[in-house]
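Below: the structure, in structure tokens.
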Amino acid sequence: MNRNQKIKNTVPYIAMTAPAVLLFLIFFVIPLFFTIRYSFYNWTNYSPDITFSGLSNYVKIPEDKMLKTSIKNSLLFATATVVIQSVITMPIAVVLNSKLRGRNIFRAIFFMPVVMSTLVVGYLWKYLLSSSDYGFVNQIITGLGFEKINFFGNGNVAMWTIILVEVWQWFGWAMVIYLGNLQNISGDLFEAASVDGANAWDRFWHIIVPGLAPAIKINVVTGMINGLKVFDIIVATTNGGPAHRTETILTSMYSKFSDGNFGYASAYGTVFLVVAMIVACILLGGFKKWEERLGQ
Amino acid sequence: MGGAVRTMRDNKKKKFTLAATYIFLTVIAVAMLIPIYYLLVTTFKTPEHAAVAPMALPSSLDFSGYIKAFEEMEYPRAFRNTFLITLISVTGIVLFSSMAGYVLNRKSDKKAGQLVFLLLLSGMMFPYQMSILGLYKLIRGLNLMNSLWSVILVDITINLPFAVFLMRSYMATVPMELDEAAKIDGAGVFRTFTTIIFPLMKPTIATVAILNTLNVWNDFMGPLYFLQSRKKDVILQEIYRNIGQFSTDWTGIFPMMVLGIMPLMIFYLFMQKYIISGVMAGSVKG
């Protein structure tokens, strides 16, 4: 095959990957470098000039309380939702994988909140959990003789309230990922285990959990990365309040952005990028080890 | 005799377990449905009625709240914007990811094929939201602010990596012999793809299309940054704008929330089976 022929043969392959690669380079890679670059610039909405300012944006960061709170909150939110979701979902998925009458209806109901937009889910729960006289949940709580809980107004409980609302919306998603994986575990394995006289608990730990390793990996890795990006639900419920107690990475960045401090917001973005990368590395490393151990 | 007693006892135990399972599942189902029920019935109530009897059925089906919400949200326009963004983005994602997935599977033995795949895969690990300021700068530079294309291009790009990943994994199940047979018949690469391969990719195309319809339709942050003119905004921004303004007017707000989730809810009610099996299929590939 001569050289021209070879080039002619590769052209269609290149042409077919080009749209994806070009879009990715333009709208993903370039913005990444832009953000890092402008974090070293004085760039605001108030002046047309964008001037190099060295490390001045970063110098402010160690004293920035909001930044620390938002990193802490995002990490807490991501970890808590992933852990709570997995604990609740795995047994439900196992039950709904068995030949149970009506299992499709249960699956459909559990998955339903996933298609509701997170913003609307946030508003809906804000009203359900309201501490005004209208709040349905507080009506029950006071009806039972307890004191009202200020779910979103009390800085000590607000973050956990948001976490539970998130779990309410998304556990159906995690459940379906586990279900997809369970269908791949052969029924023979279950039977072999019950012949061996393994009880339900042993079966769960020694067959189901290792068998679910791929789904656990997807749920934990994507759950953590999505958790770090939490935004809509905060905007709808607390908007970062009370007193910035529920501020997260993206809400604090958005507030710097809407203040017009674009350069400083870029520095926020760069710091968060580093946090996200560290989390991703820890997760992938951890799962690699676990998979190696299971592989033995 | 003893055996019969044991089976009876086992049966009893089984029945008990089954009953407990159903109770457990029903409790969760109720916890899922009550908020949705509350959302629906409150749209027909006065604030006073909603406060006194939150779980009661409405006394009459008064749609005036919906009509008001429909007008205040400028619903037809907002719907049109959301719909166009979703339609064009999902079409783009399906086309570009199926082509790239095909090539990257067939060329997975080549260095270039592996490198391009790794590059795209990195998009799944770096959240684009962290670099949204750079993206904002770029969109402004390209003069795309307040153009639906800004959100369309961004939504296509950020959803491509996972879509390419799914398509590429699926291509591994489509035999290479098909390509070779087509080549002998004189079909070029592109024709082979459009006439033979693409139709075979239907199951993954459905998964990718469904997942991304949910993703793009429910994207709030992209429009919030790039569609700041009201004429160009999407349904979620209308909800955000209006609820921010009148957050004490409960009966005004609930119809807006229902109007906001209704299109996807209808989509879900009809496509529920495919949506759930689509997500399942996607996870298996992962």
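Coordinate-derived values only; no laboratory data. These figures come from a predicted structure and were not determined experimentally. Here Cβ is always computed from backbone atoms with ideal geometry, including for glycine, and neighbour counts include all displayed protein chains.
Within 10 Å of each residue's Cβ, count the other Cβ atoms and sort B:ILE28, B:ILE253 from fewest upward.
Ascending Cβ contact count within 10 Å gives the list B:ILE28, B:ILE253.
Mind listing P(r) for segment A:219-296? All alpha-carbon pairs, 5 Å bins, whole percents.
It works out to 3, 14, 19, 18, 17, 10, 7, 5, 4, 2, 0, in whole percents.
Using a Förster distance of 25 Å, how high is the FRET efficiency between A:THR51 and B:GLN228, based on the Cβ-Cβ distance and rounded to 0.05?
Efficiency, from the Cβ-Cβ distance: 0.50.
If the elastic network links every pair of Cα atoms under 10 Å, which of A:ARG245, A:ARG101, A:ARG203 fluctuates the most in the Gaussian network model of chain A?
With Cα springs under 10 Å in chain A, the top fluctuation among A:ARG245, A:ARG101, A:ARG203 is at A:ARG101.
Take the Cα radius of gyration of segment A:1-105 and divide it by 2.2 N^0.38 Å, with N its residue count; two decimals is plenty.
Normalised by 2.2 N^0.38 Å, the Cα Rg of segment A:1-105 equals 1.99.
Along the charge dipole of chain B, pointing to its positive end and built from +1/-1 on Cβ of Lys, Arg, Asp and Glu, which listed residue (B:LEU227, B:SER108, B:ILE67) has its Cα farthest out?
Highest projection toward the positive end goes to B:SER108.
With the convex hull built on the Cα atoms of chain A, state its orientation-averaged projected area in nm².
Working: hull surface 101.7 nm².
Dividing the Cα hull surface by four gives the mean projection, 25.4 nm².
Just to compare against my own numbers: the Cα pair-distance distribution for chain B, 10 Å bins, whole % per bin, please.
Values per bin, smallest distances first: 6, 20, 24, 21, 15, 9, 4, 1, 0.
From the mean inverse distance of alpha carbon pairs (Kirkwood) and the Cα radius of gyration, derive Rg over Rh for segment A:1-42.
Reported Rg/Rh (Cα atoms, Kirkwood Rh): 1.35.
For chain A, what is the charge dipole size about the Cα centre, in debye to the nearest 20, if Lys and Arg each add +1 at the Cβ and Asp and Glu each add -1 at the Cβ?
Values: 22 positive and 15 negative charges, 141 e Å.
The calculated dipole for chain A is roughly 680 debye.
Among the lysines, which fall within straight-line cross-link reach of B:LYS232, defined as a Cα-Cα distance under 29 Å, with same-chain neighbours fewer than 8 residues apart omitted?
List returned: A:LYS126, A:LYS229, A:LYS256, B:LYS68, B:LYS137.
Run the numbers for B:ILE184 and B:PHE83: contour at 0.36 nm per residue of separation, minus the present Cα-Cα distance, in nm. Walk me through the numbers on the way to the answer.
On the way: separation 101, 0.36 × 101 = 36.36 nm, distance 4.29 nm.
The B:ILE184-B:PHE83 span can extend by a further 32.1 nm.
Tell me, rounded to the nearest percent, the portion of alpha carbon pairs in the protein assembly as shown spaced more than 34 Å apart.
Details: 79183 of 169071 pairs.
Across the protein assembly as shown, Cα pairs with separations above 34 Å total 47 percent.
Using Cα springs under 10 Å in a Gaussian network model of chain A, which residue among A:THR44, A:THR89, A:THR118 shows the largest mean-square fluctuation?
A:THR44
Below 12 angstrom from the Cβ of B:VAL116, what's the summed charge of the other residues (Lys, Arg +1; Asp, Glu -1)?
Here the charged neighbours net out to +4.
What is the calculated FRET efficiency for B:ALA53 to B:TYR274, with r their C-beta to C-beta distance and R₀ = 35 Å, to the nearest 0.05?
In this case the efficiency is close to 0.40.
So, counting K/R as plus one and D/E as minus one, what does the shell of residues with Cβ under 15 Å around A:SER86 add up to?
0
Can you classify segment B:181-286 as rounded, prolate or oblate using the Cα gyration tensor, where a ≥ b ≥ c are the square roots of its eigenvalues, rounded means a/c under 1.5, and otherwise it's prolate if a/b beats b/c and oblate if not? Let's see the in-between values first.
Details: a/c = 3.95, a/b = 2.30, b/c = 1.72.
Prolate, since a/c reaches 1.5 and a/b exceeds b/c.
Mind computing the radius of gyration and Dmax over the alpha-carbon atoms of segment B:2-64? Å is fine for both.
Gyration radius and largest Cα-Cα distance of segment B:2-64: 21.2, 70 Å.
Which of these, A:SER132, A:SER252, A:SER74, has the largest mean-square fluctuation under a Gaussian network model of chain A (Cα springs below 10 Å)?
Most flexible of the set in this elastic network: A:SER132.
At q = 0.22 Å⁻¹, what is the base-10 log of I(q)/I(0) for segment B:1-141 according to the Debye formula with one equal point scatterer per Cα and no solvent? Please give it to two decimals.
Debye output, listed in q order: -1.29.
Could you estimate the translational diffusion coefficient of segment A:72-163 from the Stokes-Einstein equation, with Rh from the Kirkwood formula over C-alpha pairs, at 37 °C and 0.692 mPa s, in whole µm²/s?
The calculation lands on 210 µm²/s.
As a footprinting exposure proxy, order B:LEU148, B:LEU166 by other Cβ within 10 Å, with the fewest listed first.
Numbers: B:LEU148 20, B:LEU166 23.
Ranked by crowding around the Cβ, least crowded first: B:LEU148, B:LEU166.
Less than 15 Å Cβ to Cβ from A:THR270, Lys/Arg counted +1 and Asp/Glu -1: what total charge do the surrounding residues give?
Result for the neighbourhood of A:THR270: +3.
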